[in-house]
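As structure tokens, the structure follows; a few thoughts come after it.
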Amino acid sequence: LGWAWRHSLFLPQAFALAGEVDITRTRAWETGLVEVQDLGSQLVLESGPAAVGERWLDACAGAGGKTLQLARMLGAKGRVDAHDIRPAALAELRTRAARARLPNVRTVERPDAAGYDGVLVDAPCSGTGTWRRAPHLKWTTSAGQVSTAAEKQVALLHQFSALVRPGGRLIYATCSLSRLENEDVVTAFLAAHSEFTPERAVSPFGA
């Protein structure tokens, strides 16, 4: 197509496109060869990668960007259960999974209680990490919204951590820049759940 592009400095399988182009109008996207996802979102799972053949839960899956990434990591013998309280988001996820030809993705209303090798909680948040893309949010995001989000995040970690099998992994992520929603949430969770211990990222990607 003659578009300008470059390899990501961090992930060899990620490509950055320059300029205002719409990849969703290409045959490559329509046939599931590529997917659109922020690099920051991709780094979440790359910093604590899943192993081939494991069973994972994407607890706050939304439209499933990280779900699809997980499915590729786990391979044909692995499985991702995708859960979200928004049916419309899960419907879009099913469409994306079918386009990407990933049969190891399953949307679930109630996750399995038996336990997963890994659980991803990409929690709803204040969204302060998206301010560069949407600068107006700097004037519409309140301190109260940040505090409310943090309370919900601790509750979600408490709820879904119960589905991690012994020896499994729990990954927590937000798109917030606030310490209240990140370090403080993790500290509160660990204080209440001594059965979990923090681990360093496999790769910090320069952070």
Sticking with the crude label model, points 7 Å out along Cα→Cβ, report the distance from TRP139 to SER41 in nm, one decimal please. 2.8 nm
³J(HN,Hα) across the range 115-130 via Karplus (A = 6.51, B = -1.76, C = 1.60, θ = phi - 60°), whole Hz, x for Gly/Pro? x, 10, 5, x, 10, 9, 10, 8, 6, x, 8, 6, x, 5, x, 9
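Once you order the gyration tensor axes a ≥ b ≥ c over the Cα atoms, which shape class does the range 137-207 get: rounded for a/c under 1.5, otherwise prolate or oblate by comparing a/b with b/c? List each step's numbers first, then the result.
On the way: a/c = 2.49, a/b = 1.46, b/c = 1.71.
Verdict is oblate for the range 137-207.
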Ignoring ligands and nucleic acids, what accessible area does THR26 show with a 1.4 Å probe (Å², nearest 10)? 20 Å²
Relative to the Cα centre, what is the charge dipole magnitude of the range 1-139, using +1 at the beta carbon of each Lys and Arg, -1 at the beta carbon of each Asp and Glu, and rounding to the nearest 20 debye? 240 debye
Which whole-Hz couplings ³J(HN,Hα) result when phi for each residue of the range 10-15 is put into the Karplus expression 6.51 cos²θ - 1.76 cosθ + 1.60, θ = phi - 60°, listed in order with x for Gly and Pro? 9, 10, x, 8, 9, 10
Comparing PRO12, PRO124, PRO87 in a Gaussian network model of the chain (Cα, 10 Å), the one with the largest mean-square fluctuation is PRO12
Can you say what percent of the DSSP beta bridges in the chain, counting only those with both residues inside, are antiparallel? Round to 5. 15 percent
Residue among ALA91, GLY32, LEU9 farthest towards the positive dipole end of the chain, charges placed on Cβ: GLY32
With θ taken as phi - 60° and the coefficients 6.51, -1.76 and 1.60, list the Karplus ³J(HN,Hα) couplings across the range 184-201 in order, rounded to whole Hz; mark glycine and proline as x. 5, 5, 4, 4, 5, 5, 5, 5, 9, 9, 5, 6, 10, 10, x, 10, 6, 4
Given a 1.4 Å probe and the protein chains all in place, what does the accessible area of ARG179 round to, in Å² to the nearest 10? 140 Å²
A student applying the Cα gyration tensor rule (rounded when a/c is under 1.5; otherwise prolate if a/b is larger than b/c, oblate if not) would label the range 76-207 oblate
Sequence-distant or interchain residues sharing an amide H contact under 5 Å with ASN182, placed H: which? none
Any chance you could run the full-extension gain for THR24 through ALA188? It's 0.36 nm times the residue separation minus the Cα-Cα distance, nm to one decimal. 54.9 nm
Three-way shape label, the range 1-109, alpha-carbon gyration tensor, a/c 1.5: prolate
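The values are calculated or read from the model by the stated rules, or taken from the named source; none is laboratory data. Treat the numbers as computed from the prediction; the structure is a model and nothing was measured. We place every Cβ from the backbone using ideal geometry, glycine too, and count neighbours over all the protein chains shown. Ligands, DNA and RNA are excluded from the accessible area calculation, which covers all protein heavy atoms including side chains. Shrake-Rupley method; radii C 1.70, N 1.55, O 1.52, S 1.80 Å.
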